[in-house]
Structures are given as structure tokens and as C-alpha cells.
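Structure incoming, see below.
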Amino acid sequence: MSAQGLAVIGVTACNQQLGLHPFNIVGEKYLMSIVDATEAWPLVIPSLGQCPPEAILARLDGILFTGSPSNIEPHHYQGEPSAEGTHHDPKRDATTLPLLKAAIDAGIPVLAICRGFQEMNVVYGGSLHQKLHEVGGYIEHREDPETGVEVQYGLAHELQIEPDGVLYQAWGSTLAEVNSVHTQGVDRLGSGLKVEACAPDGLVEAFSVIDAKSFAVGVQFHPEWKVLDQPFYRSIFAAFNQACQQRAAQRTR
């Protein structure tokens with residue numbers, strides 16, 4: 001596709017204080033995953049604490065809701081107050097939670113990763129374990145902070161994929177391996193979400209929106225990490241890209 005005809009995929013940013021000033025930032029790995037694994041160009045969506053979905057969505061062919069060092073403020077899912085020192089981003093919450101639901105309702109393709117996955121669960125009425133490692137009954141899903149990033153984002157556990165879902169259609173198998181770099185996880189699954197895949201301990205690792213008009217998938221793992229090196233990750237982006245291209249074709253008629 002020519003540069004003029006490239007689809008445009010929004011990528012959500014985080015609001016973070018750097019020195020004396022607040023910045024909107026996004027990990028380059030998310031931007032490059034779109035450049036490398038789709039026929040689209042990324043466009044950063046700032047988290048400013050307000051969101052005009054009607055002005056944004058008409059210009060986009062898809063949205064990637066990114067991971068983040070921050071956690072959703074638990075009052076959004078009637079959770080207990082967070083432990084002291086927990087990193088939150090209220091401006092991102094105020095931006096992405098309404099934007100995510102509006103995008104799916106409008107038929108905009110959505111891929112939600114890690115924090116984005118958790119945002120999708122919360123938007124549909126689900127709740128989260130704030131410290132999965134303290135719940136009991138789960139394997140270790142956090143990365144080892146003493147290791148390098150290559151190890152932290154390396155393959156960590158098997159994924160059991162439901163045979164009748166979007167991920168199976170994209171991948172063609174009920175098994176895959178994924179990385180695991182998260183502290184929180186799904187407690188109560190949101191209404192209207194279909195489980196797409198689970199970790200060996202039963203933790204929900206992927207879901208889709210049942211009545212979505214287009215691709216609407218959330219994953220707890222990080223398929224954006226070196227997406228071209230992992231065929232399973234690439235298959236997710238290929239399915240997302242296909243939906244975005246369909247949206248682009250309709251939008252430019």
C-alpha cells in the first residue's frame with residue numbers, strides 16, 4: 001500500500017511526569033509493531049484526562065490500547081484501595097476507558113494489550129486481582145527484575161487457546177507460547193466477553209467482545225515484543241491488520 005493509502009491506527013499514550021513537566025509517552029515497541037506487522041501507520045492518542053471519541057474515531061482505522069507501568073485505579077471496578085506506592089494514571093483512565101467502549105461500539109478494530117486488556121475487562125464490568133502473586137493458586141506471571149529485557153520478555157508459559165475463537169482462527173492451533181510480564185490479572189470476567197485463551201493455571205490471558213462489529217480482542221501478554229520473530233504474535237497482528245484494512249477501505253470510499 002502506498003504511503004498516501006496507509007491505514008491509520010491510533011496508539012494510546014500514558015501521562016507521566018518527567019522532571020518538572022508532564023509528558024504523554026508511548027513505548028516504541030508498540031509503534032514499531034504497527035510499522036513492522038501491519039499495513040498501517042501509528043498515530044499517538046494522548047491521555048489528557050478528557051476524550052472526544054466522536055472527533056477521534058472518524059479518523060482512525062483501528063486502535064491499539066497499550067500496556068503501561070501504571071494500573072487502573074480500582075474504584076473503576078469497585079476494588080479495594082491500592083497498596084501505597086501503586087503507580088496510577090488517572091488521566092489515562094479518563095481517556096482510554098470511554099474511548100475503548102466507544103471504539104468497539106462504532107465498529108473500530110481494537111487490539112488491547114496488557115493494561116489495555118485490563119481496561120477492556122473493566123469497561124465491560126469485570127474486576128481485577130491487584131496482586132496476582134498474593135492470591136494463591138497461580139503460577140508466577142511477573143518478570144524477574146534482575147534479568148535483562150530479552151529474558152523478561154522471553155517465552156514464559158504455554159497458552160491454551162479455545163478452538164472456536166478469534167485467536168484460533170488466526171493461529172490455527174489450540175497451543176502457543178507467550179511471555180508473561182504482569183502483576184495484575186482478571187478476577188471477574190466482564191459481561192459480554194468471550195474467553196479466547198488461558199494460562200496453564202486457568203488465568204484468562206485473552207478474550208474477545210462477543211457482539212463486536214469488528215475485531216475486538218484483548219491479550220494479557222505482549223505480542224508487540226519482537227512481533228516478527230514469533231509466528232503466533234504475528235498472527236494476532238495479521239488478524240488485526242486485516243480488520244483495519246477493511247475499515248480503511250470503507251472509510252475512504
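The values are calculated or read from the model by the stated rules, or taken from the named source; none is laboratory data. Because the structure is a prediction, the values reported are computed rather than measured. With ideal geometry, Cβ positions are generated from the backbone for all residues, glycine too; neighbour counts draw on all protein chains shown. Heavy atoms of the whole protein, side chains included, go into the accessibility calculation; ligands, DNA and RNA do not. Shrake-Rupley method; radii C 1.70, N 1.55, O 1.52, S 1.80 Å.
Just need a number here: residues in the stretch 64-104 that are among the acidic types (Asp, Glu) and without any contact (Cβ under 8 Å) to a residue 12 or more places away in the chain. Before you say what the answer is, go through the steps one by one.
Our first condition is that a residue be among the acidic types (Asp, Glu); within the stretch 64-104, this holds for 73, 80, 84, 89, 93.
Imposing the further condition that a residue be without any contact (Cβ under 8 Å) to a residue 12 or more places away in the chain reduces the set to 84.
Result for the stretch 64-104: 1.
On to the next question. Within the stretch 15-36, how many residues turn out to be assigned to a strand (DSSP E or B) and in contact with an Asp or Glu (Cβ under 6 Å, 6 or more places away or on another chain)?
So in the stretch 15-36, the residues assigned to a strand (DSSP E or B) come out as 15-18, 21-25.
Filter once more, so that each one left must be in contact with an Asp or Glu (Cβ under 6 Å, 6 or more places away or on another chain): 15.
Qualifying residue count, the stretch 15-36: 1.
Then there is this: Looking at the stretch 233-253, which of its residues are basic (Lys, Arg) and at pLDDT 95 or above?
The initial filter retains those residues of the stretch 233-253 that are basic (Lys, Arg), namely 234, 247, 251, 253.
Those that are basic (Lys, Arg) and at pLDDT 95 or above: Arg234, Arg247.
Also, quick follow-up: How about the stretch 40-137: which helices (runs of 4 or more DSSP H) wholly inside it have at least 1 residues that are open to solvent by less than 40 Å² (accessible area, probe 1.4 Å) and over 23 Å from Ala7 (Cα atoms)? Please lay out each step first, then the result.
Values: elements: 53-57, 90-105, 115-123.
Fully inside the stretch 40-137 and qualifying: 90-105, 115-123.
Taking the conditions exactly as written (modelled with pLDDT of 95 or more and on the phi < 0 side of the Ramachandran plot), does Arg115 satisfy them or not?
yes
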